[in-house]
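All of the numbers you see were taken from the coordinates with simple rules; none came from a lab. Because the structure is predicted, anything quoted here is derived from the model rather than measured. Here Cβ is always computed from backbone atoms with ideal geometry, including for glycine, and neighbour counts include all displayed protein chains.
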Amino acid sequence: MGREISWEDFHTVDLRVGTIIQVDDFPQAHKPAYQLRIDFGDEVGVLKSSAQITYHYKKDELMGKQVVGVVNFSRKQIASFMSECLITGFADDEGHIVLTAVERQLPNGSKLI
């Protein structure tokens with residue numbers, strides 16, 4: 001387990017639901033990855049993210065999928081791509097990422113409370 005955090009610490013992380021609206025290959029990435037564009041609703045808008053999720057997911061099955069992302073994460077330059085948010089997921093037994101998703105369809109931009 002990581003270090004203990006307070007409720008105040010937790011509330012600084014802005015976790016939102018968004019819908020993947022574009023998926024592109026990312027051949028410049030060091031590890032296989034996609035470039036994603038995710039619609040996080042009117043308040044946040046559309047953000048870009050690089051995600052190493054090619055093992056479990058094909059591009060066409062990602063389109064329209066709702067994911068959970070950290071929208072107030074620092075931007076990060078990855079090769080020629082500026083990642084603006086962090087899409088969340090968990091590693092399986094082999095280290096391949098399985099995306100965090102919501103159980104039911106939610107409005108884009110819904111915030112974890």
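Quick notes on this one:
- Of the peptides 89-99, 25-35, 66-76, the ranking by mean beta-carbon count within 10 Å, highest at the top, reads 66-76, 25-35, 89-99.
- A DSSP coil position with no more than 13 other Cβ atoms inside 10 Å describes the following GluC sites (Glu not before Pro) in segment 1-87: GLU4.
- About the Cα centre, charge dipole magnitude for the chain (Lys/Arg +1, Asp/Glu -1 at Cβ), debye: 260 debye
- With contacts taken as Cα pairs under 8 Å and at least 6 residues apart, segment 12-99 reaches a relative contact order of 29 percent.
- Scaling the Cα radius of gyration of the chain by the globular reference 2.2 N^0.38 Å produces a ratio of 1.06.
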